[in-house]
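Below you'll find the structure, written out as structure tokens, and then a few comments.
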Amino acid sequence: MISLGGAIGTGLFLGSGPAIHSAGPGGALVAYTVIGIMVYFIMTSLGELASFMPVSGAFSTYATRFIDPALGFALGWNYWFTWAMTLAAELSAATMVMKFWFPDSSSFLWSSLFLVLIFLLNYVSVKGYGEGEYWFSLIKVATIIIFIVVGILMIFGIMNGEAIGFKNFTVGDAPFAGGFLATLGIFIAAGFSFQGTEIVGVAAGESEDPAKNVPRAVRSIFWRIFLFYILAILVIGLIVPYTNGSLQGHTIMVSPFTMVFEKVGLAFAASVMNAIILTAVLSAGNSSLYVTSRMLYSMAKEGLAPRIFGKLNKRGVPIWGLVVTSLVGMLAFFASIFGDGVIYIWLMNAVGVTGFIFWLGIAASHYRFRKAYIAQGHSLDDLPYKSKWFPFGPIFSFALCFFVLLAQNYQAFIGDDINWASVFAAYLGIPFFLVMWLGYKFIKKTKVTPLEECRIDFDEHRNAK
């Protein structure tokens, strides 16, 4: 449920509409399908690593052990930065959602309330986080299943009387509107929507029987991606013509899910979807606090973060990681000064590119792990889970992530005047990562670990069983 819920958020509920409006239903389907395939390979790579070596804060440990400690250091802090800023962004988004019902209420009030709620869920125990995330995920999953069923019934005229059929798939310039560049733009949006699926790798270190349960989660992810993204976008594209200007909005009132439910005649659709989007936002915030505290704990154990982050309370929770990340979450309080939307956009720009960086790191770590595993004479039959299509999977994922990193804001370079403010906001994560990586490498004089010297510990595998 953690990996399932991690892939479902505002990117699907709100971001799918602008994607279809920009590139048409066909362009959106192609972009989400290709990115979905990439995420599937990322998850199979992570599944092989996490089932063999389940550790909290996995990405930093894998890169440190199988590539270079400097890269592990940079990936760990990059991942912490991504999710700490995401926590602040989601708290800001939750405030905007609450303003739907209470337009004159205080932003500070809602940000404080939700931060305390999320902190307590994580502070009580890892079980508190898991229980909260289970119910958040269940609500999101049920909504999408109901949406797809209702949409299919509408398409064939079983519900709402008139059969919509496939006419909206060819209206105007559909199914591919805007050409290749428009579809390329949706590649980037689709990638952001899928971020969060990798949380199952972080949670593996605290899950029950990771050697068994992590592979189970990974094996089914392709079908989850297909069901929740591809089918949902297909239904929206068939029911709502891409030329509908309301698709390009970013508020709950014009969510494509809301538009479809309203077409059925559900007058309360906006309020219901607003409540569901609130659960998606709280789910993202809950996950943010969990993964950041575990990443700091893992890095502290590896000597890549201050030792205080490696201390656990009596419930086994890395409390100081929770506290520090919560302090970063308080950036959402600035919404009371600068405005909810302004702070939300600023925070999301701050983390924009970083998700693709840690995906790229997962692919590289898996490639190096498998090469080291073979070079040291181990048998693939001893792996609790073996990813398919190696080495194509990690190489394809690495290449596509690298391409997206470079092309993510190509629009800023089109035209006579380059929009340097947009370029700075979009690419800020790259120099941050490079400074952390190369700075640590220069100070510590680290080198890439030879394949024969990469530590592959079968005791960890046996403990996982």
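The values are calculated or read from the model by the stated rules, or taken from the named source; none is laboratory data. In this text the structure is predicted, and so the values were computed from the model without any measurement. Every residue, glycine as well, gets a Cβ built from its backbone with ideal geometry; the counts of neighbours run over all protein chains shown. These area figures cover heavy atoms from the full protein model, side chains too; ligands, DNA and RNA do not enter into them. Shrake-Rupley method; radii C 1.70, N 1.55, O 1.52, S 1.80 Å.
Between Tyr134 and Arg307, how many nm apart are label points set 7 Å from Cα along the C-beta direction?
3.7 nm
With a probe of 1.4 Å, find how much accessible area the chain has per residue, and write the answer as a whole number in Å².
Numbers: 18990 Å² over 465 residues.
Using a 1.4 Å probe on heavy atoms only, each residue of the chain averages 41 Å².
How do Lys167, Lys127 rank by accessible surface area computed with a 1.4 Å probe, from largest to smallest?
Descending order: Lys127, Lys167.
Taking the Cα atoms of the chain alone, what are Rg (to one decimal) and Dmax (as a whole number) in Å?
Cα-based Rg and Dmax for the chain come out at 21.9, 70 Å.
Relative to the compact globular guide of 2.2 N^0.38 Å, what is the alpha carbon radius of gyration of the stretch 50-97, as a ratio?
1.50
Just subtract the alpha-carbon distance of Ile443 and Leu117 from 0.36 nm times their residue separation and send over the number in nm, one decimal.
113.3 nm
Pull out the extension gain between Gln376 and Thr243, defined as 0.36 nm times the separation in residues minus the alpha carbon to alpha carbon distance; nm, one decimal.
Full-extension gain reported as 42.1 nm.
Going Cα to Cα from Lys99, which lysines come in below 27 Å? Please leave out same-chain ones fewer than 8 positions away.
Lys140, Lys263
Sum -39500 (n - 2.57) across every DSSP H segment of at least 4 residues in the chain, then divide by the residue count to get the 222 nm mean residue ellipticity, nearest 500.
-22000 deg cm²/dmol
Cut-off under 27 Å on the C-alpha distance; same-chain residues fewer than 8 positions from Lys311 excluded. Which lysines are left, in chain and number order?
Result set, ordered by chain and number: Lys127, Lys301, Lys441, Lys444, Lys465.
R0 = 45 Å: FRET efficiency of Lys314 with Ile430, Cβ-based, nearest 0.05? List each step's numbers first, then the result.
Details: r = 41 Å, r/R0 = 0.91.
Rounded to the nearest 0.05, the efficiency is 0.65.
Would you calculate the separation in nanometres between label points at Val171 and Asp417, each defined as 7 Å from the Cα along the Cα-to-beta-carbon direction?
3.6 nm
Please list Trp389, Trp83, Trp320 in order of solvent-accessible area, largest first, computed with a 1.4 Å probe with all protein chains present.
Largest accessible area first, the list is Trp389, Trp320, Trp83.
How long is the gain from Phe403 to Ile164 if the chain were fully straight, where each residue apart is worth 0.36 nm and the alpha carbon distance is subtracted? Could you put the intermediate results ahead of the total?
On the way: separation 239, 0.36 × 239 = 86.04 nm, distance 3.77 nm.
Extending this stretch completely gives an extra 82.3 nm.
Compute the distance from the alpha-carbon center of the stretch 269-291 to that of the stretch 114-146, in whole Å.
Result: 9 Å between the Cα centres.
If I fit a long axis through the Cα atoms of helix 340-351 and take the longest principal axis of the Cα atoms of the chain, what angle between them do I get, 0 to 90°, rounded to 10?
Helix 340-351 sits roughly 40 degrees off the main axis of the chain.
If I take every Cα pair under 8 Å that is 6 or more residues apart in the chain, average their sequence separation and divide by the length, what percent do I get for the relative contact order?
Values: 776 pairs, mean separation 163.0, N = 465.
Contact order relative to length: 35 percent.
With a bin width of 10 angstrom, please list the P(r) values of the stretch 42-164 as percents of all Cα-Cα pairs, from the 0 bin to the one holding the largest distance.
Whole-percent P(r) values from 0 Å outward: 11, 21, 29, 22, 14, 3, 0.
Accessible area of the chain with a 1.4 Å probe: how many percent of it is carbon plus sulfur?
68 percent
Across 10 Å bins from 0, what is the distribution of all Cα-Cα pair distances for the stretch 10-113, in whole percents?
Going from the shortest bin to the longest, the percentages are 12, 24, 28, 27, 8, 0.
Evaluate the distance, in nm, between pseudo-label points positioned 7 Å from the Cα of Arg219 and of Ile37 along their respective Cα→Cβ axes.
2.4 nm
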